[in-house]
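The values are calculated or read from the model by the stated rules, or taken from the named source; none is laboratory data. A quick note: this is a predicted structure, and the numbers were derived from the prediction, not measured. Note that we place each Cβ from the backbone using ideal geometry, even for glycine, and neighbour counts take in every protein chain shown. For the accessible areas, the whole protein counts, side chains as well, though only heavy atoms, and no ligand, DNA or RNA atoms are used. Shrake-Rupley method; radii C 1.70, N 1.55, O 1.52, S 1.80 Å.
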Amino acid sequence: MSTGPPIPPTATAITTGTTNNDLFAAVDIGTNSFKLTVVRTDPSSGRFLTLNRLKEPVVLGLDTTTTSSATTISAVSLDRAISAIRKFQRFLHSHRLPPSHVRLVATSAVREASNKSQFTRVVKESLGLNVEIISGAEEARLIYLGVLQFFPVFTSTVLTIDIGGGSTEFTVGFKGNVLFSKSLRLGHVTLTQEFSDIVKMREHIRHELETSGLIEKINEFKLDVVIGSSGTIKAIEKAVCKGYALKVEENVGVFEEFVKREWRFTRHELRSLVESLYDEEREMDGRVKRVGFFKRRAAFILAGTVLLDEIFDTLAIEEIEVSGYALGEGVITEMLGHVCEGFDLNANARWRSVFRLASRFNNKKRMKTSTTCLGIARELFECLRKLNELHDNGNDGEELSVSLDDRDLEYLDAASLLHNFGLYTGKKGYHKQSFHIIVNGDHLHGYTKEEIKKFPSDVLEGSAKEVSEYLYMIKYLFLFPDIGFTLLECQAKQKFRVLCTIMRVSSAVQQRLPVNFQFMEFIPSPEGLKLAFPVRPCLSAGKNGETLLEIVQLTLVMYSMRVFKQNLSILVSSSISDGQTDG
């Protein structure tokens, strides 16, 4: 199931059929599920935004045969695997990802299988794709790289714990280097299959932890933070955050969609969840509740929480941070390190803090909305930059009043993710709530509170252009658009006005897109702005019977001449593949 918005292909990709070189993807072939992660990157910096996650519950270990030394992936499981990867492949083809920007990695279930060579061969013969079977140590290293893209912990000594279906990876890292890693054959799927008795399960887990040498080795390090990743630990954090372990009589208001994510939980909160899940084993109503909340993970969540509980006890962990990124993002990070010149693992702490802040206060639906808005804003931003290039090259057409650079695009991206996250408190006054959290919260890393609160009248003076100041201004203009302009210097005022207008237009267009919307593109031309849509049947009517074209045209015309100083025409594509359009 996709958890991100449709990825709008770039204008070039739509009209010429070329590849999307700013998109990268990783396929994590796990024991419980196969996961596809697709990101859009900024080639100049390597920073990325996760746009789509697709997941297929293959459960490779469900019907395997086991001998004393290895397991064998059955023909039925192999068929499910091919079907899942084929779905991913179709998705990637539809979004024109270059083959070199896609990497498939297989973890515990495949690397422990006696017929792993058959698995990779069948995938290659059936789909033409290469599957890389990675070791437990390599899996742990890649997970650590993924975690570094979610938390600003590059200079911290970090223990990462990743519970998978067939194994659990432990890594101690510092400044991008792995100091120690260990993979144990303890997974939520295999534990569920092997043990129906929780006491015996605990004894087995404790024995494996104590005899592995893990405890002694980790105790050699002075840890700054413990971070968990992947589905099981994220599911535990979500259950804690939404009050799953509360008693029935206390369950008023829990499981709400608009509960903010904390991305951490304590030893006590974990123990309460374990006890609640254990009590449910004796009650039919409890099992129904579990399935309703955890969905497909319900069958394995008890084993996962018991395993993490034993890890907490054994390693004396009191609190764990939870990463939204894991193996998939780690694989992509490594790919970016090879293609982005001068790629720095720690270069994007500020961007990562923006994303974490957005995902903390936004539910899944609002994150889709924000990333769709981001895609539209980027399209319009790049189109305006190209219009200036056309003017500079001697073509007819009026030049935009200000020049836009990569730093402005970074600020615009951040604003797109954060412009509506105050909605978790409700619609009334949500811009004020967003503004309050940005200015007063300790969420955005890389600058001080004084810098965040500094009034941005000198935002374009000097070389330090802080993302926080642009966010401050954007929230300020949403509240007081006319007053705000008078308080800025002339050049800063005009650039800010253009950026805020891009935000307003993108947000207005996004709100009126139909459910089956796939993409739009802004096309620069000597005549001004051109906005191309897919075929007309995809365009829905508004509340008063207006078509999407009429609504968008009204919105854009209102701003394009006044702020962008560009003529606007809207096109409806009759053939996306050959770029033909009709007005």
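Restricting to region 102-119, what's the tally of residues that are part of a helix (DSSP H, G or I) and either small (Gly, Ala, Ser) or under 28 Å from the mean Cα position of the chain (by Cα) (or both)? Result for region 102-119: 5. Of Asp344, Asp313, Asp279, all but one fail to be surrounded by fewer than 17 Cβ atoms within 10 Å (Cβ to Cβ) and more than 25 Å from Thr157 (Cα to Cα); the exception is Asp279. Taking Ser401 as the residue in question, decide whether it is in contact with a helix residue (DSSP H, G or I) (Cβ under 7 Å, 6 or more places away or on another chain), among the hydroxyl-bearing types (Ser, Thr, Tyr), at pLDDT below 70 and not in a helix (DSSP H, G or I). When the stated conditions are applied, Ser401 passes them.
The single residue among Thr50, Thr31 that is closer than 13 Å to Thr190 by Cα, open to solvent by less than 20 Å² (accessible area, probe 1.4 Å) and either in contact with a Phe, Trp or Tyr (Cβ under 8 Å, 6 or more places away or on another chain) or at pLDDT below 90 (or both) turns out to be Thr31. A search for C-beta distances below 6 Å between a residue of region 209-220 that is touching a residue at least 24 places away in the same chain (Cβ under 8 Å) and any residue that is of a type in the set (A, V, I, L, M) and surrounded by 10 or more Cβ atoms within 10 Å (Cβ to Cβ), counting only pairs 6+ apart in sequence or on different chains, returns Ser212/Leu184. For Ser230, the stated conditions hold: it is at positive phi and either touching a helix residue (DSSP H, G or I) at 6+ places or on another chain (Cβ under 7 Å) or crowded, with 16+ Cβ neighbours inside 10 Å (or both).
Among the residues of region 309-336, which ones are hydroxyl-bearing (Ser, Thr, Tyr) and modelled with pLDDT of 95 or more?
So in region 309-336, the residues hydroxyl-bearing (Ser, Thr, Tyr) come out as 314, 323, 325, 333.
Matches in region 309-336: Thr314 only.
Pairs are defined by a Cβ separation below 8 Å, a sequence spacing of at least 6 or placement on different chains, a first member in region 28-48 that is closer than 18 Å to Ile376 by Cα, and a second member that is among the basic types (Lys, Arg); the pairs so defined are Val38/Arg53; Thr41/Arg47; Phe48/Arg40. Annotation: of all residues in region 342-366 being within 30 Å of Ile218 (Cβ to Cβ) and assigned to a helix (DSSP H, G or I), the one that is modelled with the lowest pLDDT is Ala349.
Mind telling me which of the residues Val306, Val339 ends up being crowded, with 17+ Cβ neighbours inside 10 Å and either modelled with pLDDT under 95 or not basic (Lys, Arg) (or both)? Checking each option against the conditions leaves just Val306.
Out of Val102, Val76, which single residue is surrounded by fewer than 20 Cβ atoms within 10 Å (Cβ to Cβ) and not polar (S, T, N, Q)? Checking each option against the conditions leaves just Val76.
Selection of region 279-307 for residues being in a helix (DSSP H, G or I), among the charged types (D, E, K, R) and either in contact with a helix residue (DSSP H, G or I) (Cβ under 8 Å, 6 or more places away or on another chain) or closer than 14 Å to Thr232 by Cβ (or both) yields Asp279, Glu280, Arg287, Lys289, Arg290, Lys295, Arg296, Arg297. Residue pairs whose Cβ atoms lie under 8 Å apart, separated by 6 or more positions or on different chains, with the first residue in region 231-247 and over 9 Å from Ser276 (Cβ atoms) and the second open to solvent by less than 10 Å² (accessible area, probe 1.4 Å) and of a type in the set (Phe, Trp, Tyr), are Ile236/Phe265; Glu237/Phe265; Val240/Phe265; Cys241/Phe265.
Only one of the numbered conditions (1) without any contact (Cβ under 8 Å) to a residue 60 or more places away in the chain; (2) open to solvent by less than 10 Å² (accessible area, probe 1.4 Å) is not met by Leu380, and that is (1). Among the residues of region 308-317, write down those that are outside any helix (DSSP H, G or I) and in contact (Cβ under 8 Å) with a residue 60 or more places away in the chain. The answer is Ile317, and nothing else.
Any residue at all in region 311-330 that is at negative phi and in contact with a His (Cβ under 7 Å, 6 or more places away or on another chain)? Full working, then the answer.
Within region 311-330, the subset at negative phi is 311-315, 317-330.
This time we only want the ones that are in contact with a His (Cβ under 7 Å, 6 or more places away or on another chain), so: none.
No, that holds for no residue.
Name every residue in region 162-176 that is crowded, with 23+ Cβ neighbours inside 10 Å and part of a strand (DSSP E or B), in order of residue number. Result: Asp162, Ile163, Thr168, Glu169, Phe170, Thr171, Gly173.
Quick one: in region 177-202, of everything that is in contact (Cβ under 8 Å) with a residue 24 or more places away in the chain and over 30 Å from Asp279 (Cβ atoms), which residue is surrounded by the most Cβ atoms within 10 Å (Cβ to Cβ)? Residue satisfying both the conditions and the ranking: Ser183. When Thr71 is tested against (1) farther than 15 Å from Ser229 by Cβ; (2) at pLDDT 95 or above, just one condition goes unmet, and that condition is (2).
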